[in-house]
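Notes to accompany the following structure.
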Amino acid sequence: MRILFAHNDSVSAQAVASELRRSAMAVDFAHRSDEAERLSICNDYDVVIIDQNLPTIGGYELCRSIAGRQVPPPILLLTANQVEARVQGLRAGADDCLSKPFASIELVARIRALSRRRRTAAPLILRHEGITLDQARREVRIHERLVTLTPKEFAVLRLLMEAKGQPIPHEDLLADIWDTHMNSRTNTVRTTVSRLRHKLGCPEVICVDNGKGYRLGQGMAPTSVTPRVQDRHSRGEPVPPRAARETPTPAERPRPQP
């Protein structure tokens, strides 16, 4: 999820942006309304957050400008704790208003609610092979087995499942899940995908499509993890000879050739 955050106080905005990034949101920051308008034209944002007290044209005018476009992104306006300010923001075209000061947890909840309105055609539950991703509960299961993912890993898997097997370029993953300040040559995406493959238990689930990007493969996620030797012993199950001993006995060790 990519967010534009237009706020006149860079210190407060960076603190809030850090909280949003921990929730797997890519955040672009602007401290002037003209800069925010330029970014909103150049990039496709899931939600635009605007503070009412912005330099140059101001927050309300910026809200009117963005809301008046043919396909505007959802707008969350940060206002003073006054009924008149919230009413003025809604009349200016904001989809929602949040009074200052606010709690980060409420801001994240409102952003996700606005994003869901924009994604009305997208199902809340995505499925691929044996993987089920629940966007409302933010849960991933493999054949009903719950898999714990970090926010970034969850976001990468969600985008891949929404693409339905089509490749997503490395740069698009960076732009949607991280932000414009991330170096395009970083190995962050590769590392995140590697961890995700390991947690899903099947490397073939996520493929590299000949340099075009990452996509979901046709490899079925495993139904279960191979039981460990000690677990088999406890259940009285037979243990293969090689699994029963992690290291060979002296008699089994190969003798050096003369």
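The values are calculated or read from the model by the stated rules, or taken from the named source; none is laboratory data. What you are looking at is a predicted structure, and each value in this text was computed from that prediction instead of being measured. No Cβ is skipped: glycine too gets one built from the backbone with ideal geometry, and neighbour counts run over all protein chains shown. Heavy atoms of the whole protein, side chains included, go into the accessibility calculation; ligands, DNA and RNA do not. Shrake-Rupley method; radii C 1.70, N 1.55, O 1.52, S 1.80 Å.
Let's see how each residue does on (1) under 24 Å from ARG21 (Cα atoms); (2) open to solvent by 80 Å² or more (accessible area, probe 1.4 Å):
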| site | (1), (2) |
| --- | --- |
| ILE49 | yes, no |
| PRO55 | no, no |
| GLU61 | no, yes |
| PRO72 | yes, no |
| THR79 | yes, no |
| LEU114 | yes, no |
If you check every pair at least six apart or on different chains, which have Cβ atoms under 8 Å apart with a residue in region 8-33 that is not assigned by the TED database to the domain that holds LYS152 first and a residue that is among the acidic types (Asp, Glu) and surrounded by fewer than 16 Cβ atoms within 10 Å (Cβ to Cβ) second? HIS31/ASP9; SER33/GLU61
Over region 57-77, the set of residues basic (Lys, Arg) and in a loop (DSSP other than H, G, I, E, B) is ARG69
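Which of the residues that make up region 34-47 are in contact (Cβ under 8 Å) with a residue 40 or more places away in the chain and either open to solvent by 70 Å² or more (accessible area, probe 1.4 Å) or within 15 Å of GLY68 (Cβ to Cβ) (or both)?
Hit for region 34-47 is ASP44, nothing else.
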Test result for PHE102, closer than 27 Å to PHE154 by Cα, touching a residue at least 24 places away in the same chain (Cβ under 8 Å) and part of a loop (DSSP other than H, G, I, E, B): yes
Which residue is modelled with the highest pLDDT, if the candidates are limited to region 132-173 and must be out of contact with any helix residue (DSSP H, G or I) (no Cβ under 7 Å at 6 or more places or on another chain) and aliphatic (A, V, I, L, M)? LEU146
